[in-house]
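Scroll down for the structure; my scribbles are underneath it.
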Amino acid sequence: MHSSIFDSLSIILKRDLMIAFRRSSTYITPLIFFLIVVTFFPLALGPQESLLSSLAPGVIWIAALLASLLAVETIFSEDFRDGTLDDFFISLEPSFILVFAKVTIHWLITGLPILAASSIAAIILYLPLDSFIPMLLSLLLGTSFMSLLGALGAALALGKSAILSAIIVLPFSVPTLLMGTSVITSSLNNQDFSGFLMIMGAMLALGIPGLCLLTVEALLLNYE
Amino acid sequence: MIKKWLIEMGSPPLFYKWSTKTLPWLFISAILILGIGLSWGLLFAPTDYKQGDVYRILYIHVPSAILGQSIFMFMAFCGFINVIWRAKISGMMLKSAAPIGVSFTLLALVTGSIWGKPTWGTWWVWDARLTSTLILFFIYAALIGLHSTIEDKTKADRAVSILSIVGLAIIPVIKKSVDWWQTLHQPSTFTITSSPSMSPDMYQPLLLCLVGFYLFFALLLTLNLRNEILERERTRNWVKQLLGVSS
């Protein structure tokens, strides 16, 4: 029984990854969007090094939040439209696995590219090299949580306007934004930042079962 | 006995009939207590020696801030019941409570701002309480926005229920993180409500106002809920009989 759950998980992952890689826009769009948003801050605020490096944590995090919400609508919409989702709910596989796989895919095509691009963003915003590791850790935990929240938003707003899911999700992403920027700011000030990372980890640990189950509940609303 | 009553209240027509009987009492008690509390607070409570008469806005500000949060908890509780037991009326309650909750939260923000200008010299401070109340307002907006986009009302109720449960889990995290964010970025400049020093003749009207606000909420909720019931069950026979419309 165990192996079959992991089998179905890996089948979904393989299929969705293949679809994502066949269409390069899926993983390039969030990446470019992230870099464009980051570039706009120096253009709007001026290129002073001291100003930019103190603003860098906030700028990187706001850009990361927006970029990870950009592709949120696509998590379920295509499968919902072409009936793949129906097939899955008819099959006897636990629907939790489907949602978890979808969240993982969304993170792989948005969170991971953002993580890679964040180093470039950190360089052009003059973030000190010592803060790179805290930044990457906070983004790793934070973007994963955003993918979970985004999946719930996408499931609730399935078939509605794309902007709706972003508006639903944004107020709930406040803790992630605050903790994420706090991690980087603390490391800038040579303070201990492990506490913030632990809270983010705890949110992720509770979010994986909690938010995935609520997302299943939200998806099933469309099949009544 | 209580269980039977709860099951009866879960049925829209029975709730409607029961609330018709209790509504006048609720109305009278809400108006009476709110009236006494507000006039006591606004007219007869002693003037503050430091802030003068400005502080009297507290009799509206504090109860509405408390109500804004309690109504959210009430909504999440309804959402919980709605998701688990699919009780129709809990979804309607959730939907009816949302506009009241968002109004009280907005009232708290606006009165706080009006109070802040003469006492702090500014309309807005990025204080932990203010910030988390503002985010609560956005969460209410998200819930109401989501409900209005889904056509099928029962489904909309369930979707909002799911989101309100997430909200209940995340609001304590928001409060804590805003606290930490504040201590990280700036020292806490203002603490308005370190109020154990409040004298009893200022405290008593506040307590009465708070009870009055809760009753007022119960009154508004009942009225909203009755409208909601009538609207959703308008094709049912009991509504037609009630309104004297022949089918």
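Here is how the numbers come out for the structure above:
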read-out	value
Unique residue being within 24 Å of A:V174 (Cβ to Cβ) and touching a residue at least 40 places away in the same chain (Cβ under 8 Å) when the list is A:S77, A:S95, A:S138	A:S138
Single match in B:I81, B:I71 (criterion: modelled with pLDDT under 95 and either crowded, with 16+ Cβ neighbours inside 10 Å or in contact with a Gly (Cβ under 7 Å, 6 or more places away or on another chain) (or both))	B:I81
Residue that is surrounded by the fewest Cβ atoms within 10 Å (Cβ to Cβ), among those in the stretch A:197-218 that are at the interface with another protein chain (Cβ under 8 Å from one of its Cβ atoms) and of a type outside the set (D, E, K, R)	A:L206
Any hit, the stretch B:112-122, residues being over 24 Å from B:P63 (Cβ atoms), surrounded by fewer than 20 Cβ atoms within 10 Å (Cβ to Cβ) and at the interface with chain A (Cβ under 10 Å from one of its Cβ atoms)	no
Of residues in the stretch B:141-155 being in a helix (DSSP H, G or I) and more than 9 Å from every other protein chain (Cβ to nearest Cβ), the one surrounded by the fewest Cβ atoms within 10 Å (Cβ to Cβ)	B:S148
Matching residues, the stretch A:158-172, being surrounded by fewer than 24 Cβ atoms within 10 Å (Cβ to Cβ), part of a helix (DSSP H, G or I) and more than 8 Å from chain B (Cβ to nearest Cβ)	A:A162, A:I163, A:A166
Filtered residue count, the stretch B:197-247, keeping only those that are part of a helix (DSSP H, G or I) and charged (D, E, K, R)	6
Flag for B:V125 being touching a helix residue (DSSP H, G or I) at 6+ places or on another chain (Cβ under 9 Å) and either within 14 Å of another protein chain (Cβ to nearest Cβ) or part of a helix (DSSP H, G or I) (or both)	no
Condition check for B:S177: closer than 14 Å to A:F172 by Cβ, touching a helix residue (DSSP H, G or I) at 6+ places or on another chain (Cβ under 6 Å), within 7 Å of chain A (Cβ to nearest Cβ) and of a type in the set (S, T, Y)	yes
Those residues of the stretch B:93-108 which are without any contact (Cβ under 8 Å) to a residue 60 or more places away in the chain and buried (at least 20 other Cβ atoms within 10 Å of the Cβ), in sequence order	B:G101, B:V102, B:T105, B:A108
Segments classed as helices (runs of 4 or more DSSP H), wholly inside the stretch A:6-88, with at least 1 members that are closer than 30 Å to A:L125 by Cα	A:25-45, A:49-70
Residues (within 10 Å of another protein chain (Cβ to nearest Cβ) and either in contact (Cβ under 8 Å) with a residue 60 or more places away in the chain or among the aliphatic types (A, V, I, L, M) (or both)) located in the stretch A:183-193	A:T185
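Every residue, every condition in (1) over 30 Å from A:D86 (Cβ atoms); (2) within 11 Å of another protein chain (Cβ to nearest Cβ), yes or no:
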{"position": "A:T110", "(1), (2)": "no, no"}
{"position": "A:P113", "(1), (2)": "yes, no"}
{"position": "A:L129", "(1), (2)": "yes, no"}
{"position": "A:S147", "(1), (2)": "no, no"}
{"position": "A:A155", "(1), (2)": "no, yes"}
{"position": "A:G180", "(1), (2)": "yes, yes"}
{"position": "A:G195", "(1), (2)": "yes, yes"}
{"position": "A:L220", "(1), (2)": "no, yes"}
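The values are calculated or read from the model by the stated rules, or taken from the named source; none is laboratory data. Note that the coordinates shown come from a computational prediction; the quantities given were computed from them, not determined experimentally. Methodologically, a virtual Cβ is constructed for each residue, glycine included, from the backbone with ideal geometry; neighbour enumeration extends over all protein chains shown.
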